[in-house]
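The values are calculated or read from the model by the stated rules, or taken from the named source; none is laboratory data. The structure displayed is predicted, hence computed values, not measured ones. Please note: Cβ atoms are built from the backbone with ideal geometry, for glycine as well, and neighbour counts cover all protein chains shown. The area values use the complete protein model at the heavy-atom level, side chains included, leaving out ligands, DNA and RNA. Shrake-Rupley method; radii C 1.70, N 1.55, O 1.52, S 1.80 Å.
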Amino acid sequence: MTSLRVISSEYIDAISALDVRGYSVEGVLGRGGIGVVFAATYESRPVAVKVAWPHAGEHDGGLGEKTVHRLRAPKLTDDGLGPRFVPPTELGRCNRVMLGEVARIREAEHPSLITVSAQLNLDGRQGYVMPRLRGRALDPSSPKDVARLAEELHQVHDLHWPHGDLKPENVILSDDGKVTFIDPLPVGLDLVTPDWTHLNFLVSTPLVESADPRDRRMFLRHRDLVALALMGAQAITGTRPWGHAEVARMADRSVGIEAKREVLRQARTKLDALLPKLPAALRPFVGLALDPGLWPDDGPIFAAYLQARPFEVRCDALTSMHLGRIFRDVAG
């Protein structure tokens, strides 16, 4: 988070607007799916300022690796069948996400949650100010990093605060090991990060897409637990049962039902092979969190599965485990 990028001329208007408000911009900390983050100084304090900034023009989302670690909005292909996961290109959408992020950050207070010190409107662009963090993104191949994540995630979930877009870039570790969560997903938002999305979301999501806030928060909490299980599997075994390519195929309506079933079968086979490689204490959590689910055409079996409210049942079962302690014991 401390290395700065050269400031592009496209940001000159925002930088001028920040200067008028007393913020001296020093560089760019990062460019995400819906905004840009500037390193700045305000009243002699180093801060980070995130400003809504859509990507210019259309992007080729495709299924390529180049889109794996970017927050994306699903947009239909020209034939109306398949999705392209691309960064949002509309300022209004980015502004809504920015306002939603601020609201989510202010929902709870915990040492692991980034804070908002000011909210800004820069000539129609929403933004907010937060501390400038010193540290690095979580390393999903490090058991110790993932154990720290599990400990803090357990605590914030106890506050009924799910993150919703948990991925390595959104978990910052300081030199002393302190964890800070950034960029939470607004409740009900349809932006996704396919590399860390559960296959089961794509067949059971309607179950939790209701107006009930508890359902929507449970959806985000379940996403957190799935991401943690994927990171835990990668940290200990060096592999995951699926990633961006599998999720993208499941979301693509141009891919036939039998091909989707095959994706689920392969994912389940990979999971079955991976579980014995995990420490015994982790197997129940990873196995339950990463079960890839059933496809709707499985008929009566799937109907019974839905009636069991799998997200609610799974979440309650998963959160009954003290994940922080389990991961800490495994990491040593």
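If we keep just the residues of region 181-214 that are open to solvent by 10 Å² or more (accessible area, probe 1.4 Å) and at pLDDT 90 or above, which is nearest to the chain's Cα centre (by Cα)?
The extreme case among them is Asp183.
Do the conditions hold for Gly287, that is, is it modelled with pLDDT of 85 or more and more than 21 Å from Gln155 (Cβ to Cβ)?
It is true that Gly287 is modelled with pLDDT of 85 or more and more than 21 Å from Gln155 (Cβ to Cβ).
What's the number of the only condition in (1) at pLDDT 70 or above; (2) surrounded by 17 or more Cβ atoms within 10 Å (Cβ to Cβ); (3) in contact with a Leu (Cβ under 6 Å, 6 or more places away or on another chain); (4) under 26 Å from Lys178 (Cα atoms) that Pro54 fails to meet?
Going through (1) at pLDDT 70 or above; (2) surrounded by 17 or more Cβ atoms within 10 Å (Cβ to Cβ); (3) in contact with a Leu (Cβ under 6 Å, 6 or more places away or on another chain); (4) under 26 Å from Lys178 (Cα atoms) one by one, Pro54 breaks only (4).
Please specify each residue of region 112-131 satisfying the condition of being without any contact (Cβ under 8 Å) to a residue 40 or more places away in the chain and assigned to a loop (DSSP other than H, G, I, E, B).
Scanning region 112-131 gives Thr115, Val116, Gly124.
Being modelled with pLDDT under 95, part of a helix (DSSP H, G or I) and not hydroxyl-bearing (Ser, Thr, Tyr) is true for just one of Arg93, Arg84, Arg134. Which residue is that?
Every option except Arg93 fails the conditions.
Of all residues in region 108-147, which are open to solvent by less than 20 Å² (accessible area, probe 1.4 Å) and among the acidic types (Asp, Glu)?
Asp145 - this is the single residue of region 108-147 that is open to solvent by less than 20 Å² (accessible area, probe 1.4 Å) and among the acidic types (Asp, Glu).
Kindly provide the set of residues from region 229-279 that are free of Cβ contacts under 8 Å to residues at least 40 places away in the same chain and within 29 Å of Arg148 (Cβ to Cβ), ordered by number.
Thr239, Arg240, Lys270, Leu271, Asp272, Ala273, Leu275, Pro276
Do you know which residues across region 137-179 are in contact with a helix residue (DSSP H, G or I) (Cβ under 9 Å, 6 or more places away or on another chain), farther than 22 Å from Gly243 by Cβ and part of a loop (DSSP other than H, G, I, E, B)?
Within region 137-179, His160, Trp161, Gly177, Lys178 qualify.
Checking the conditions here, which among Val36, Val49 is open to solvent by less than 60 Å² (accessible area, probe 1.4 Å), modelled with pLDDT under 95, in contact with a strand residue (DSSP E or B) (Cβ under 8 Å, 6 or more places away or on another chain) and not polar (S, T, N, Q)?
On the way: Val49 fails: modelled with pLDDT under 95.
Of Val36, Val49, the one residue that is open to solvent by less than 60 Å² (accessible area, probe 1.4 Å), modelled with pLDDT under 95, in contact with a strand residue (DSSP E or B) (Cβ under 8 Å, 6 or more places away or on another chain) and not polar (S, T, N, Q) is Val36.
Conditions: (1) among the hydrophobic types (A, V, I, L, M, F, W, C); (2) modelled with pLDDT under 95; (3) more than 30 Å from Leu153 (Cα to Cα). Leu18 meets all but one. Number of the miss?
Checking Leu18 against (1) among the hydrophobic types (A, V, I, L, M, F, W, C); (2) modelled with pLDDT under 95; (3) more than 30 Å from Leu153 (Cα to Cα), the one that fails is (2).
When region 253-270 is examined, which residues are found to be open to solvent by less than 40 Å² (accessible area, probe 1.4 Å) and touching an Asp or Glu at 6+ places or on another chain (Cβ under 7 Å)?
Residues satisfying the conditions are Val263, Ala267.
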